[in-house]
Amino acid sequence: MDTMRERFASVTSQLLEEDPRLALVLADIGAAGFTEAAERHPDRVVNVGIREQLLIGVGGGMALTGLRPIMHTFASFLVERPFEQVKLDLGHQGVGGVLVSAGASYDWPSGGFTHMAPGDVALLDTLDGWTVHVPGHPDEAETLLRHAAAAGDDKVYVRLSLQANAAPRPVDGTGFHTVREGRDGVVIAVGPMLDPVLAATEGLPVTVLYATTVRPFDAATLRAAAGAAGTSDVVIVEPYLAGTSTRLAAEALEDRPHRLLGLGVGRRELRRYGQLDEHLTAHGLDPRSLRERITGFVSARP
């Protein structure tokens, strides 16, 4: 199976052939995957080098001319480092574009903390009007990339990762999808957290919702699932900063008694490089740790 990032390169190259409005801006990272596309479309495939603020600025300028820019690099260099440009050159200017990140929270542990971005979605939550896709499989990444490229002038963030579920699920760029139904609570699994959540909740009578489009937050589906389960005990398992979406879940359930548990990447910096699976375990995102936290939360209901 190819990776989400490899699928991004092939799909975006194809989209550049199909849509003359589409443009691609790179900052060295991933440029090797677009050598042919750059030769075929030198006016619409631009590599600015390791200048991430310029990456966003050029994308914003392209959008002002009517193009639909896709901007790509590691998440820490795409959202965190040039955040002022994301806020001003896209948001304040009232133009859109597609940010496609790699690296996620800790896909490349040996790169160190500079290449980790567990706070990217939380940071974008401080801005208005962003759609956020978190695919859990390369096939889902392709669907969501195509959806983002065709999304008019919207501001869209597509968060790619080396973490992936074993099989794709049907996704359409909107809302949450029910994977399993139960009566003891609702667990929302975001993107590549689905397989660990399904393993962790095997045999437990809980509803599992799958979320690949997390912004806008699908309050209606959560409310319906909680109503069908007969309880508003909700666990959200996210592959980025723990608790990123709990505020939105609380707002969705504000008119009824509810309990929330946000699981994800902790704030404590892990200073040993390790491997990806070791980071998952250290943050309690492996199936065994998830089962302990979820069963403990559900059983503690008053």
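Okay, here's what the table says:
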| quantity | calculated |
| --- | --- |
| Alpha carbon convex hull of the range 122-169, volume per residue in cubic angstrom | 75 |
| DSSP beta bridge pairing in the chain, given as percent antiparallel to the nearest 5 | 15 |
| Mean Cβ count within 10 Å, highest first, over the residues of peptides 164-176, 56-68 | 56-68, 164-176 |
| Net charge, Val156 excluded, C-beta distance under 14 Å - Lys, Arg +1, Asp, Glu -1 | +1 |
| Hull volume in cubic angstrom per residue (convex hull over the Cα atoms of the range 4-159) | 97 |
| Size of electric dipole in the chain: Cβ of Lys, Arg +1 and of Asp, Glu -1, about Cα centre, debye, nearest 20 | 700 |
| Sum of side-chain charges, Pro82 neighbourhood, beta-carbon under 11 Å (Lys, Arg +1; Asp, Glu -1) | -1 |
| Among Pro192, Val214, Ala151 - extreme Cα towards positive end, dipole of the range 125-247, charges at beta-carbon | Val214 |
| Proportion of all alpha-carbon pairs of the chain beyond 33 Å (%) | 23 |
| Local electrostatic count, Gly185, Cβ distance below 11 Å [Lys/Arg +1, Asp/Glu -1] | +1 |
| Sorted largest first, extent of the range 176-300 alpha carbons per principal axis (Å) | 43, 30, 25 |
| Using a Förster distance of 22 Å, the FRET efficiency for Ser10-Asp154 (Cβ separation, nearest 0.05) | 0.40 |
| The chain: calculated mean residue ellipticity at 222 nm from DSSP helix runs of at least 4, using -39500 (n - 2.57) | -9000 deg cm²/dmol |
| Extension gain, Thr126 back to Ala32 (0.36 nm per residue minus Cα-Cα distance, nm) | 30.5 nm |
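A short reminder: the numbers here are calculations on the coordinates, not readings from a lab. Being a predicted model, the structure only gives us computed values, none of them experimental. As a convention, Cβ positions derive from the backbone with ideal geometry for all residues, glycine included, and neighbour counts pool all protein chains shown.
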